[in-house]
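For reference, the structure is listed below as structure tokens.
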Amino acid sequence: MALIVQKYGGTSVADLERIHNVARRVIKTKDMENDVVVVLSAMAGETDRLIQLAAGVSSGRQVKREYDMLVSSGEQVSISLLAMVLNNMGYKAKSFLGHQIKIITDGMHESARIQKIDTTLIFDELRNGNIVIVAGFQGVDSNNNITTLGRGGSDTSAVAIAAAIKADFCEIYTDVDGVYTTDPHVYAKARKLKKISYEEMLELASAGAKVLQQRSVELAKKYNVPLYVKSSFNDDEGTLVTREDRDMEKEIVSAVTFDKNQAKVTIIHVPDEPGIAARLFMPLSDQNIIVDMIIQNASIEGHTDMTFTVPKGDMGEVQQILGEVIKDIGAERIDYDENISKISIVGVGMKSHSGVASKMFATLANEGINIMMISTSEIKISCVINEKYTELAVRVLHDAFGLEKEE
Ligand code: ADP
Ligand code: ASP
Ligand code: MG
């Protein structure tokens, strides 16, 4: 007997037939004498629809509380439907919203972080023989406001609950049967990985592979939660995300990924003085805007250009903030480019191999793809390129690093 958390994503609960399919999977696990906590996303497309509704009413910072109240509602529908289906099939099941469980978060609406989960109710309900179904993506702050955890946040809800109740493992059921060497919907030659380390998965998620939300991998790593990524549509073996171990593939490059959600900002003719970067970036971080890659050009006659990337969704706010800031620091103007994408290669083997970056640059150059920005970590190299070359870049890099070969 095990204690298992299963999370089903939007496509897995897209309609009543698929919710029945989820119910059958949950029952199979329950019938094997396991305790099951199920975390659900909203039905596919529902969160997008709610976001569109919000966009039609208003914009601006003051509505974030109500925005979260609205966009969190999709999960209430899916969890109650699953509970009804399970009840009809003769199983005891109860659904709960984040605030009912007491999934406590900070007050950062739209991208709240979980601080604490009260496990009392979950354990009481499991003890009563219930399948416990929890709404993903949402929590409540200390002032009783509903919060949401950022797009894809149900993954994080599931892992956080698994960590809190000390589940034996957490299963993430989605529309692909594991973590691949690249998004299998973009390149058919992508190969499924049997295992991947938390570190590599973290880099992949942060570089745009939306199969797992980045924060969920951080939590899994921190609390050592074994994480399986599987398909809700078949019984194929999935991918285990776990600690790096000796029998793990020591590929130099394990995967290629891309992120089309970044935009490039260039501040022209910035005075090159101490304190300028802080004055530029502080107002952005104060608004919780994540600045990713940063480049500062060589200084000419006391002035320089500064280029960085921010999430596309934050562009409105960024323009508003920087409009004020450049007056303050005496820069000339700002250029924006939303037609970019970030291509990354990830692999633990990079730590001990040279020539990986130059191979990446040469591969892109051979296709005439211009590199606008570069950044590296110990196990990742990222390049910003024109968005229209994204899929081509993924394919040629996947080929160049031989990722399609048999295991
Ligand atoms: P869910 O709604 O179940 O949370 P998501 O759409 O958030 O599902 O995540 C699954 C998707 O992630 C897949 O359909 C796939 O297109 C995408 N993806 C991106 N990179 C990868 C990768 N390396 N391996 C597997 N899937 C990936
Ligand atoms: N429903 C939310 C979203 O679409 C959370 C999730 O699917 O994980 O982002
Ligand atoms: Mg997701």
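Taking the helices alone, the chain has a mean residue ellipticity at 222 nm of -10500 deg cm²/dmol, built from -39,500 (n - 2.57) per DSSP H run of at least 4 residues and averaged over all its residues.
When Leu121, Leu212 are compared by accessible area at a 1.4 angstrom probe, the order from most to least is Leu121, Leu212. Net charge around Asp155, counting only other residues with Cβ within less than 9 Å of its Cβ (Lys, Arg = +1; Asp, Glu = -1)? For residues surrounding Asp155, the net value is +2.
In sequence order, the stretch 227-238 has phi-based couplings of 10, 10, 9, 9, 8, 7, 9, 8, 9, 4, 5, x Hz under the Karplus curve 6.51 cos²θ - 1.76 cosθ + 1.60, θ = phi - 60°, and Gly or Pro positions carry x.
Inter-part distance, the stretch 283-310 to the stretch 118-187, computed on C-alpha centroids, equals 35 Å.
Remark: the stretch 1-93 carries 48 Å² of accessible area per residue (probe radius 1.4 Å; ligands, DNA and RNA excluded).
A Förster distance of 30 Å, applied to the separation of the beta-carbon atoms of Asp124 and Asp168, puts the FRET efficiency at 0.95. Taking GluC sites (Glu not before Pro) across the stretch 243-287, the ones in a DSSP loop with at most 16 further Cβ atoms lying within 10 angstrom of their Cβ are Glu244, Glu249. Peptides 314-320, 220-226 ranked from most to least packed, by the mean per-residue count of other Cβ atoms within 10 Å: 220-226, 314-320. With the charge dipole of the chain set up from +1 on Lys and Arg Cβ and -1 on Asp and Glu Cβ about the Cα centre, the Cα lying farthest toward the positive end among the listed residues Ala365, Ala190, Gln76 is that of Gln76. This model, with +1 at the C-beta of Lys and Arg and -1 at the C-beta of Asp and Glu, gives the chain a dipole about its Cα centre of some 840 debye.
In terms of overall dimensions, the chain has a Cα radius of gyration and Dmax of 22.5, 77 angstrom. For the stretch 255-403, carbon and sulfur atoms together expose 47% of the accessible surface, with a 1.4 angstrom probe and every protein chain in place. Protection proxy ranking for 272-283, 257-268, using the average of other Cβ atoms within 10 Å per residue and placing the highest first: 257-268, 272-283. The fraction of accessible area contributed by carbon and sulfur in the stretch 37-164 is 51 percent, rounded to a whole number (1.4 Å probe; ligands and nucleic acids excluded).
For the chain, DSSP calls about 60 percent of its internal beta bridges antiparallel.
If you add up the charges near Ser299, with Lys and Arg at +1 and Asp and Glu at -1, over every other residue whose beta carbon is less than 12 angstrom from its beta carbon, what do you get?
Net of charged neighbours comes to -4.
Rolling a 1.4 Å probe across all protein chains gives Val85 an accessible area of roughly 10 Å².
The magnitude of the dipole of the stretch 224-323, with charges of +1 and -1 set on the Cβ of Lys/Arg and Asp/Glu and taken from the Cα centre, is near 200 debye. Heavy-atom accessible surface of Lys92, to the nearest 10 Å², is about 110 Å², with a 1.4 Å probe and all protein chains retained. For the stretch 286-371, the solvent-accessible area with a 1.4 angstrom probe is 50 square angstrom per residue.
The values are calculated or read from the model by the stated rules, or taken from the named source; none is laboratory data. None of the values given here were measured: they were computed from a predicted structure. FYI the Cβ positions are ideal-geometry reconstructions off the backbone, even for glycines, and counts take in every protein chain you see. Surface accessibility is based on the protein's heavy atoms, side chains included, excluding ligands, DNA and RNA. Shrake-Rupley method; radii C 1.70, N 1.55, O 1.52, S 1.80 Å.
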